[in-house]
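Student: Got a structure for you, questions after.
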Amino acid sequence: MNTPSPDAGQLRKASTRPVAGLDGGAAGPSAQRPAGRGWERARAWAEHPLGIFCLRLGAFVAILLIWQALATWVIGGFWISAPSTVAARIGKWAADGYLWQQVSITLEEAAVGFVLGAAGGCILGAVAGYYRMLGKVLEPIILALYSMPAIALAPLFLLWFGLGITSKIAVSGMTVLFIVFFNVYTGLRNVDQDLMNVVAVLGARRRHIILKLILPSVLTYLFLGLKVSLPFALIGAVVAEMVSSTRGIGFMMQNAVNLYDTTGVFVGLVLVSGISVLLGSGLRRLEQSVLRWKDVE
Amino acid sequence: MIRGCNADGATGGGADAELEWVDASKSFWRGGRHNEAIRSVSFSVGRGERVALTGPSGCGKTTLLNMAAGFVRPTGGFVRHAGRMVTGVNTSVGYVTQRDTVLPWRTVRRNVELALEIRGVSRRERGSRVTECLDLVGLSEFDRAYPSELSGGMLKRLLLARTLVYGPRALLLDEPFGALDAQLRLAMHAELQRIWATLGTTIVFVTHDIAEAVALADRVLVFGGAPARLVMSRVIEVPKGLDPFQMQFDPACVAVMRELWEALGPEALRRDSNLPERSPHSAQVTQ
């Protein structure tokens, strides 16, 4: 790129003000358009939140198109359904109320499981992290429990808690509990010792150290745990439903499998991931407003 | 215990002592072996005195500071602050760590406010005292910024302000400017001189930089050996406020620095031959 120095200055300006690209380049006062500036502008635009959104949308549409093409011309709709068929089915089920009936019950299970699991994980993680000795004793035991697959626990939970909603909440809550536990526990173990000392010299008593130092430093870890475990709350509920239930997304999918209805199964998959993405972005919003100090530049 | 090796007048203020290390020793077990890190070190720092602790890496200077702050309990001897034994965390000192230990989720103002908040100072008084302190270190424009937005020098100022805000009797600084570039370091030296001139607080600081020690301190203590002991206590009577360039041509400065270097040199070398895992650079004392 053989641009004279004034243009180089302009390039820098363009990349620090990505919005400039959106209004058709009218922002630049100079009429000069040296080679390479277009690329530079495209990159600046792509780094803007709106640009990222558009790129994501593009990638999503591309995947749908490929899926549709494969279903139509290569593999066949019987095996992999097709986006158009799935959309039509969602529309149909939504219209006759079947969809909401299933989604609402799964959402309820996942939400209760998530809240209870997160609360349990916080409490256990806080206790195990605060009392070092206890943490050391419990760590391997909890890790062993965590290694048990949810799908294998589901039949047991059904046996213990019945075929109703409780067993699904239990499976969902268990998965969340372990993830949140490990994050909170790690967070507590990782509180900066130098900071502890410094805050102690400032005159802090135990409650100050807990409220003003430990709690804020653990929050980062807690949010990480919540974000990671959120999809698992849904997965746990759906898996338990697939083992045995009379309602819910898992029931709906199991039903579809029994009828060789690939489209019904894909509807379930699309719903679970869609809900996950939506709830996840909500959680990220919450995180951004709580941990505001994180995204300052 | 005998105070033999420290008999060269390492006392600063006598009866007027702010901080006193009396036969302070530290030993610990590592890998089943008993390690003696510091052996019977005694010195005292007078009120309003500025004392530099220097010596090779790992010779226990920071441990001596930590004893005064109450983070580390000496295994022998004791530390007295204003006549009282230090037994727990010493909240009448201010401690500035080597690392930038700020609370990243608090703005500059809220970081400085922390000590007052903890000490139950009323909101109104907190506000004016924090403002005063931020003015003193020149950070008033950045009071709403988060620490992640600050440069290295500004972070050091923030650490100083946070420490000064509650008016500690003595400041303990552990290599406060070690991570700064030479230019910024000079600016911070001037800053510290100015703060000292304003407040007259007792200052004990650890440094690897002989020039820094001579430029800032009233007295330099050189530590060395394994286990560490006090090698030399030297009163610095050179004009303050000279930059390193001027110091090179000030005969008094040169003489003092040579003397300190000589006190350090053989010690540093001997230490290295004892501890092969340390790189030879750890013996270097200037930046």
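The values are calculated or read from the model by the stated rules, or taken from the named source; none is laboratory data. Bear in mind the structure is a predicted one, so any value in this text is a computation, not a measurement. Methodologically, a virtual Cβ is constructed for each residue, glycine included, from the backbone with ideal geometry; neighbour enumeration extends over all protein chains shown. These area figures cover heavy atoms from the full protein model, side chains too; ligands, DNA and RNA do not enter into them. Shrake-Rupley method; radii C 1.70, N 1.55, O 1.52, S 1.80 Å.
Student: Starting from residues that are open to solvent by 30 Å² or more (accessible area, probe 1.4 Å) and in a loop (DSSP other than H, G, I, E, B), keep the ones in the stretch A:263-297 and report whichever is farthest from the other protein chains (Cβ to nearest Cβ).
Tutor: Going through the qualifying residues, I end up with A:Glu297.
Student: Out of (1) assigned to a helix (DSSP H, G or I); (2) open to solvent by less than 50 Å² (accessible area, probe 1.4 Å), what's the single condition that is false for A:Asn255?
Tutor: (2) is the only condition that A:Asn255 fails.
Student: Answer yes if at least one residue in the stretch B:150-170 is of a type in the set (Phe, Trp, Tyr), away from every other protein chain (no Cβ under 14 Å) and closer than 30 Å to B:Gly46 by Cβ, and no otherwise.
Tutor: No: the stretch B:150-170 contains no residue that is of a type in the set (Phe, Trp, Tyr), away from every other protein chain (no Cβ under 14 Å) and closer than 30 Å to B:Gly46 by Cβ.
Student: Confirm whether A:Ile235 is out of contact with any Ser or Thr (no Cβ under 6 Å at 6 or more places or on another chain), open to solvent by 20 Å² or more (accessible area, probe 1.4 Å), part of a helix (DSSP H, G or I) and facing chain B (nearest Cβ under 10 Å).
Tutor: The answer is no for A:Ile235.
Student: Do you know which of the residues in the stretch A:251-264 that are of a type in the set (A, V, I, L, M) and without any contact (Cβ under 8 Å) to a residue 40 or more places away in the chain is nearest to A:Glu108 (Cα to Cα)?
Tutor: Among them, the one singled out is A:Met253.
Student: Okay, next question. Is it the case that some residue within the stretch A:55-66 is at pLDDT below 95 and crowded, with 17+ Cβ neighbours inside 10 Å?
Tutor: No, there is no match, as no residue in the stretch A:55-66 is at pLDDT below 95 and crowded, with 17+ Cβ neighbours inside 10 Å.
Student: Please enumerate the residues belonging to the stretch B:55-103 that are of a type in the set (Lys, Arg) and either within 14 Å of chain A (Cβ to nearest Cβ) or within 21 Å of B:Leu230 (Cβ to Cβ) (or both).
Tutor: Across the stretch B:55-103, the qualifying residues are B:Lys61, B:Arg73, B:Arg80, B:Arg99.
Student: Let me ask something else about it. Starting from residues that are more than 7 Å from chain B (Cβ to nearest Cβ) and surrounded by 17 or more Cβ atoms within 10 Å (Cβ to Cβ), keep the ones in the stretch A:197-211 and report whichever is nearest to B:Arg110 (Cα to Cα).
Tutor: Among those that are more than 7 Å from chain B (Cβ to nearest Cβ) and surrounded by 17 or more Cβ atoms within 10 Å (Cβ to Cβ), it is A:Val199.
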